[in-house]
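Bear in mind that the values in this text are calculations on the coordinates, not laboratory data. Keep in mind the model is a prediction, meaning the values are calculated, not measured. Cβ placement follows ideal geometry from the backbone for every residue including glycine, while neighbour counts extend to all protein chains displayed.
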């Protein structure tokens, strides 16, 4: 599929579209409305094709809620959203990124993330709702340093 999209900050009016994408991908929707400032969406016109969010914890970000609509997969959109969220975190002073995944370990490994033990995650990130209750204990925990690009 040839996808023409623009990436922009999510707004409260995007919450329903974001929730539909997350629900379809069997990802948690809790906290999206409260943390909408940490989300970006990719749009094709008015249609939300993809979403990614981050939550900030001291000098780290927790990447959450990355999903690309099935019809828009395979064109690099997911990687672009991850890069945008991590660079935004770097601009705000974060140097580390963490995530939990049950299905996309290979995808995130291609983006430089490596699997780590839960015990290696900073306390602030580990106390997040995502770690504490939204994702199963069997989820793979991944980490990567955020390299600041010129």
Percentage relative contact order, the range 63-150, counting C-alpha pairs under 8 Å, at least six apart = 39
Computed over all unlike Cα pairs, the Kirkwood hydrodynamic radius of the chain in Å stands at 15.4
Counted neighbours (other Cβ, 10 Å), sorted fewest up, put 44, 119 in the order 119, 44
What's the angle, to the nearest 10 degrees (0 to 90), between helix 15-24's Cα axis and the longest principal axis of the chain?
-> 70
Once residue 8 and residue 117 are pulled to full extension, the length gained, defined as 0.36 nm per residue separation minus their Cα-Cα distance, is 35.9 nm
Kindly express, to the nearest 10 degrees and within the range 0 to 90, the angle between helix 77-91's C-alpha long axis and the longest C-alpha principal axis of the chain.
-> 50
Before rounding to the nearest 500, sum -39500 (n - 2.57) across all DSSP H runs of length at least 4 in the chain and divide by the residue total; then give [θ] at 222 nm in deg cm²/dmol.
-> -6500 deg cm²/dmol
Per-residue Cβ contact counts at 10 Å, fewest first, order 133, 138 as 138, 133
Which of these, 78, 89, 112, has the largest mean-square fluctuation under a Gaussian network model of the chain (Cα springs below 10 Å)?
-> 112
Quick one: order 142, 87 by neighbouring beta-carbon count within 10 Å, fewest to most.
-> 87, 142
